[in-house]
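Structure record follows, encoded as structure tokens.
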Amino acid sequence: MAAAQNVSPAQAVKRLVQDALFAVEAQGAGDEGREDVDALLARRLLRSLQEEAERAGPVTDEELRTVTERRWLDFDRPEGFRTVHAVVRVPEGADAAMVEKARGVAEELRRVIGPAQERARQTKAPTPLPGRRATDAAADEFMAAAGTVAKQGLEVVIQTLPPVSASGRVLSLEPQQLDATFSRAVSALNERGDIAPIISSPFGLHVVMLLERIPAAMIPQNERRDMIREEVMTERARKAHLLLLNELRRRKVSVVDNVDAVLALVRVEP
């Protein structure tokens, strides 16, 4: 037992004695005691599966790739650019006169946001608090100024945007992609308050101001492998547990899951 569980002989003896005493007490406790014994056995099974996962060896390249894809914001996040913009929507099939009118609105938008640029230069990007949306005075001033421009019958959308990488991938858990032309232009902005030249995309003509550059988070593979080891071992054990349950059910063996024990294989994300 000591060798199988990778513990000292003294620890192995202590566990055996504890289990024996627990079983003796439980046997005299009727059905309730039987449930306690079942729970103990279930926990022992799960611990055995965990130990088997450990013996299977270090984190593989495939396991590293899978976890990195799932937690790319923690381990493999590119530099991001948080912006506020106003886009003048150009109707599909618009003639040259309509396009010119839309550009005139965009140029006026760019002109009136000067004070927002100054505010951005004088302030720092706010730090978001858990569970609360951080307000940014520069973004608010941009949107207020843009809202004063006459739209001339065109649709104008004014909003802040989530951080986006130069490739267009939005830095969020939900898979989102912004237009590549827009994202490349945004990534050329250097400092808070920088305003891009008018950007043309399939959505229209954008007037954009940079609010924040978010540094990349690229964890080296060796460090990443160490950081995810516990997570991978738990995942291996969980898969082995599911395979075992499925096989028992396939044989039509009655299986009663012990919730408390199974929770030992549930990873709680921070």
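What to note about this one:
- Ligands, DNA and RNA left out, the accessible area of segment 79-215 computed with a 1.4 Å probe is 52% carbon and sulfur.
- Cross-link partners of Lys101 among lysines (Cα-Cα below 26 Å; sequence separation of 8 or more within a chain): Lys151
- When each of the peptides 6-13, 212-219 is scored by how many other beta carbons lie within 10 Å of its residues on average, the order from highest to lowest is 212-219, 6-13.
- Additional length obtainable on full extension of the chain from Glu191 to Asn222, 0.36 nm per residue less Cα span: 7.9 nm
- Between Leu243 and Arg55, the modelled label-to-label distance comes to 1.4 nm, taking each label 7 Å out from Cα in the direction of the beta carbon.
- Å² per residue, accessible surface of segment 58-216 at 1.4 Å: 54
- Phi-based couplings in Hz for segment 57-74 (Karplus 6.51, -1.76, 1.60; Gly and Pro marked x): x, x, 4, 7, 4, 5, 5, 4, 5, 5, 5, 4, 5, 6, 10, 5, 5, 8
- Calculated from backbone phi, Karplus (6.51, -1.76, 1.60) coupling profile of segment 146-162 in Hz, x at Gly/Pro: 5, x, 7, 6, 5, 7, 6, x, 9, 7, 10, 9, 10, 6, 7, 10, x
- In Hz, Karplus ³J(HN,Hα) per residue of segment 225-230 (6.51, -1.76, 1.60; θ = phi - 60°; x = Gly, Pro): 4, 5, 5, 9, 4, 4
- Near Ala217, the amide H atoms lying under 5 Å from its own belong to Arg77; only residues 5 or more places off or on other chains count, and H is placed 1.01 Å from N.
The values are calculated or read from the model by the stated rules, or taken from the named source; none is laboratory data. Every value quoted in this text rests on a predicted model; they were computed, and no experiment measured them. No Cβ is skipped: glycine too gets one built from the backbone with ideal geometry, and neighbour counts run over all protein chains shown. All accessible areas refer to the heavy atoms of the entire protein, side chains included, with ligands and DNA or RNA removed. Shrake-Rupley method; radii C 1.70, N 1.55, O 1.52, S 1.80 Å.
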